[in-house]
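Notes to accompany the following structure.
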Amino acid sequence: MNDVPLFLSKSQFLKGVQCLKHLYLYKFQPELKDEVLDSLEAAYTEGTNVGILAQSLFPNGVAIPYDDTSYDVQHQLTQAAMNNDNRVIYEATFYHDNLFARVDILSNDDGKWEINEVKNSTTVKDVYYYDIAFQYYVIECLGIPISKACIVHINNKYERHGQIELDKLFISEDITKDVKEMQSDIHKYIVLLREIVNGRIPDIDIGEHCYSPYDCEFIGHCWKHIPNPSVFNIRGRGVNAYGLYKQGIIRFDDIPVDTLHEKAQRQVSAYLNKETYIDKQSIREFLDSLWYPMAFLDFETFRGVIPPFDMTKPYQQIPFQYSLHIQKRQDAELEHFEYLALPDIDPRKPLIEKILSEIPKDACVLTYNMGFEKGVLRRLAELYPAYSQSITNITGNIRDLMKPFRNQAYYSWQMMGSYTIKAVLPVLVPELSYDSLEIHDGGMAMDAYWEMCGAKDNDEAERIRKALLEYCYLDTLAMVRIVDKLESIV
């Protein structure tokens, strides 16, 4: 038996609270981890940047270095900083009984130490209580009195005007009472988590805990026994996939179809029989609701925690690009227009001015999932009252190409219950494909825009710019070809 207690950092503790098996695999079989997605790396970087910005709320602090230094050294540096009357310490580190906790901002108010944990969310999530309670536990075990424990998070009501006002961008919520009440539970968790080192891998099946509060790093390993497709591929509400799984119902063949709602029944039956369902009357009614001139519109947006421009809020969707295909008559030649903002400028005014000059008056504006495009346009109308009426005219003429697929007026077994353009296009227009593009979806487009803004090399920036234009162009060309295909079907 190993007499040395299992090492637990705060992040490892949280993994164990989410799932004992997650912690075991992380500690003893890390080679089974899933590949880290670029989007997760970007989220981590964004969180780090927010933490650094929040330090300005507590100025004149001393930072504890954590690169290339041991836990013991970091702890000793923190103790020295506290003993030298430093009132603010960034990345304060505490190490006790093989428990390791790092505090974003440790501050001293009238001789009493306060924990300030910075989060880039707009609310205090349940997992944050465990996060800060673990820190509190480790520090208290060292005999250091903590008078206050706070979560510092983003205020999504804040709107930027001029320089960022940190005291308005951030909200501090005192959760000391809750954290103190959790201390006995934290101790029990630590004892439980440490017991796994002397046992076998915990026998824990898949479940909703695999994705809550965070996506597990071992989903690929733990879910490898799940076939594709399975009950977890059934789309729409009203299907208890985990409930079916616990009954041993996993494959489509096993599912009692009559227990599913209508759309789910169609998805399962269509797949099993390799069928395509076509309601020509509904498709015809949809096509008859369209008119010429017809404009096919797609926006790309970015959002960030820290409002980048005046009149923006945290996490606000800001359009930086659009593609616009226009057909003035049914037999007219297709025209294309596009816009992609230069790095580090507020793109909204030049974007809306350009698009208003290009969309014909009273044109039918076709989008895919129109709620998104309408939301972008409505925010622009609020921001620029001079263009409000023109923008309102456009939003009033928007039609949603998603409608016949969402309603399953056209449904193919190959769509696997999805009605996104990425699911529809390969079925209806297989000669067009996103597969050969560097950018495949809106999330990648947003990441690429940030990458382009930060590019130091002009050739690299131009490469990304070209990739963004190719992706957005295909989004609207895809809509054109889908409408053509629907016309040929009916």
Rg(Cα)/(2.2 N^0.38 Å) for the range 212-281, N = residue count:
1.27
Can you sort Leu297, Leu377 by how many other beta carbons sit within 10 Å, fewest first?
Leu377, Leu297
Mind checking the range 291-334 for trypsin sites (Lys or Arg not before Pro) that DSSP puts in a loop (not H, G, I, E or B) and that have at most 10 other Cβ atoms within 10 Å?
Arg329
Send over the per residue convex hull volume for the range 275-490, Cα only, as a whole number of Å³.
127
Tyr339 long-range amide H proximity, modeled H, under 5 Å:
Tyr322
Please list the three semi-axes, largest first and in whole Å, of the ellipsoid equivalent to the range 270-350, using sqrt of 5 times the eigenvalues of its alpha carbon gyration tensor.
36, 22, 11
Could you tell me what percent of the DSSP beta bridges with both partners in the chain are antiparallel, to the nearest 5?
70
Angle check, please: helix 348-358 long axis (alpha carbons) against the longest principal axis of the chain (alpha carbons), in degrees 0 to 90, nearest 10.
10
Apply the Karplus curve 6.51 cos²θ - 1.76 cosθ + 1.60, θ = phi - 60°, to the phi angles in the range 334-347 and return the couplings in whole Hz, x for Gly and Pro.
6, 10, 10, 10, 7, 8, 9, 5, 6, x, 6, 10, 6, x
Expected sort for Cys150, Cys141 with the fewest Cβ neighbours (10 Å cutoff) up front is Cys141, Cys150
Measure nothing fancy, just the Cα-based angle from helix 38-54's long axis to the longest principal axis of the chain, in degrees from 0 to 90, nearest 10.
50
If amide hydrogens are placed 1.01 Å from N in the peptide plane, which non-local residues have theirs closer than 5 Å to the one on Asp298?
Ser323
Scattering curve values for the chain, log₁₀ I(q)/I(0), Debye with Cα scatterers, q = 0.12 Å⁻¹
-1.23
Determine the distance separating the Cα centre of the range 95-120 from the Cα centre of the range 336-355; give it in Å without decimals.
44
For the range 218-231, in residue order, the Karplus 3J(HN,Hα) values (coefficients 6.51, -1.76, 1.60; θ = phi - 60°; whole Hz; Gly and Pro = x) are 10, 4, x, 6, 6, 9, 5, 7, 8, x, 10, x, 9, 4
Sort all Cα-Cα distances of the range 8-198 into consecutive 10 angstrom bins from zero, then give the percent of pairs in each bin up to the one containing the longest distance.
8, 33, 38, 18, 3, 0
Using the Cβ atoms and a cut-off under 12 Å, what net charge is assigned to the surroundings of Lys374, where Lys and Arg are +1 and Asp and Glu are -1?
+1
When only Cα pairs under 8 Å and 6 or more residues apart are kept, what is the percent relative contact order across the chain?
12
So what are the radius of gyration and Dmax for the Cα set of the range 141-180, in Å?
14.5, 45
5 angstrom amide H check on Ile255, placed H, neighbours 5+ away
none
To make sure I understand, if each residue's beta carbon is the centre and we count other beta carbons within 10 Å, what order do Leu366, Leu340 fall in, fewest to most?
Leu340, Leu366
Between 0 and 90 degrees, rounded to the nearest ten: what's the tilt of helix 71-83 against the longest Cα principal axis of the chain?
70
Which values, in whole Å and largest first, are the semi-axes of the equivalent ellipsoid of the range 313-378 obtained as the square root of 5 times each eigenvalue of the Cα gyration tensor?
24, 14, 10
Once every DSSP H run of n ≥ 4 in the chain is given -39500 (n - 2.57) and the sum is divided by its residues, what mean residue ellipticity at 222 nm do you get, rounded to the nearest 500 deg cm²/dmol?
-13000 deg cm²/dmol
Residues with beta-carbon under 13 Å from that of Ile196, excluding Ile196: net charge, scoring Lys, Arg +1 and Asp, Glu -1?
+3
Show me, bin by bin at 10 Å from 0, the whole-percent P(r) of the range 169-251 based on Cα pairs.
13, 29, 26, 24, 8
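Read-outs: derived from the displayed coordinates by stated rules, not from any lab. On a predicted model such as this, the values are computed, not experimentally measured, just so you know. We place every Cβ from the backbone using ideal geometry, glycine too, and count neighbours over all the protein chains shown.
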